[in-house]
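Working notes, beginning with the structure itself.
The values are calculated or read from the model by the stated rules, or taken from the named source; none is laboratory data. Everything quoted here is computed from the prediction, not taken from an experiment. Note that we place each Cβ from the backbone using ideal geometry, even for glycine, and neighbour counts take in every protein chain shown.
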Amino acid sequence: MTEAEASLEERLASVRARVDDAAREASRDAGAITTIVVTKFHPASLVRELALLGVRDIGENRHQDAAPKAAELRDLGLEWHFIGQLQSNKVRAVLEYAGTIHSVDRESLASAIESAGIPVEVFLQLNLTDDPARGGVAPGNLLALAERVLAAPSMLLRGVMAVAPLGEEPRSAFARVREASERLRGLAPTADALSMGMSGDFREAILEGATHLRIGTAITGNRPAAG
Ligand SMILES: *Cc1c(COP(=O)(O)O)cnc(C)c1O
C-alpha cells in the first residue's frame, strides 16, 4: 500500500509506532513525548476525525485558518497549539483558542501577549539560520527574550522550539537546539520542553530530546493547496 492509499487511521498508527521505536532507540519514555498533529490547510472535518482517533493536540500556523476551525470544534475540548509566525495585532484573537504559542521570537510579541493578560504556555522559537525572515530569535538573544517572558505572570515558559533548516543534517541542527535548551534551563530550570521534529525528521528530534513533535503530512497526507 502506498502512503497516499493509507487511511488517516493507518498513517496515525504508523507515526505512533515510529515515535515509539525512536523513543526506545533513545532509551526514553514515549509517554513523555507529545505528538501535535499539524492540520494547516485541512478542513475542520479532518480535525474531527483525528479527535475520534484519540488525538488531543492540534497545531495550526495561520490565525485566519485556525480560528474558524477552533470555533467549529469547540465542543471537542482540543488543545490548540499556534506554531506559525505571529503578528502582535493578532495575539488577542489567537489566545481565544490557543493554549500554547510555540513561536514567541521577539520582545514586542512577548509584550503583546502580556498585555492580553490571558494565561498561555509559550515556547521561544530559535532561528537556526542566518536569515531573520525565517522567524525565531537569534541564539545570542535567547536568554534576554526568556527574561522578558519570565517577568510576565500570564506566560508560562515551557522551553524552546525550532525548525531544522534545509541543507543541514537534522540531527546536528537539533543538537544545537538541545544546547540552547541547556542554557535556557540555567535561567529557568522548569523550561525544559523541546518543540522540534516534523514529518521528515522526528526520529532525529526524539534522539536529541524532543518533547513536542509537530507532525503534519506524515499523518494527514498531502496538504490541499494553500488557500
Ligand atoms: C507545517 C509545519 C509543521 C509540520 O510539517 P510536516 O512536514 O507536514 O510534518 C511543523 N512545524 C511548523 C512550524 C509548520 O509550519
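Remarks
- Scan segment 111-125 for residues that are over 11 Å from Arg158 (Cα atoms) and either at pLDDT below 95 or hydrophobic (A, V, I, L, M, F, W, C) (or both) and the total you get is 4.
- Condition broken by Glu147, with the remaining ones in (1) assigned to a helix (DSSP H, G or I); (2) within 15 Å of the ligand (Cβ to nearest atom) satisfied: (2)
- Pairs where the first residue, in segment 103-120, is closer than 17 Å to Phe82 by Cα and the second is part of a loop (DSSP other than H, G, I, E, B) and modelled with pLDDT under 95, C-beta under 9 Å, 6+ apart: Ser103/Gly135; Asp105/Gly135
Matching residues to (1) in a helix (DSSP H, G or I); (2) loosely packed, with under 15 Cβ neighbours inside 10 Å; (3) within 16 Å of the ligand (Cβ to nearest atom):
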| position | (1), (2), (3) |
| --- | --- |
| Ala17 | yes, yes, no |
| Asp20 | yes, yes, no |
| Val37 | no, no, yes |
| Ser45 | yes, yes, no |
| Val55 | no, no, yes |
| Gln64 | yes, yes, yes |
| Ala70 | yes, no, no |
| Leu86 | no, no, yes |
| Val91 | yes, no, no |
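- Of the numbered criteria (1) touching a residue at least 24 places away in the same chain (Cβ under 8 Å); (2) aliphatic (A, V, I, L, M); (3) under 22 Å from Glu60 (Cβ atoms), the one Ala133 fails is (1).
- Filtered residues of segment 115-131 (kept if assigned to a helix (DSSP H, G or I) and touching an Asp or Glu at 6+ places or on another chain (Cβ under 8 Å)): none
- Here segment 157-171 is the region considered, the condition is being outside any loop (DSSP other than H, G, I, E, B) and touching a helix residue (DSSP H, G or I) at 6+ places or on another chain (Cβ under 9 Å), and the residue that is farthest from Met196 (Cα to Cα) is Leu157.
- The lone exception for Ala112 - which of (1) under 27 Å from Gly209 (Cβ atoms); (2) in a helix (DSSP H, G or I); (3) among the aliphatic types (A, V, I, L, M) it fails: (1)
- The residue of segment 191-227 that is farthest from the ligand (Cβ to nearest atom), among those that are under 12 Å from Thr34 (Cα atoms) and polar (S, T, N, Q), is Thr211.
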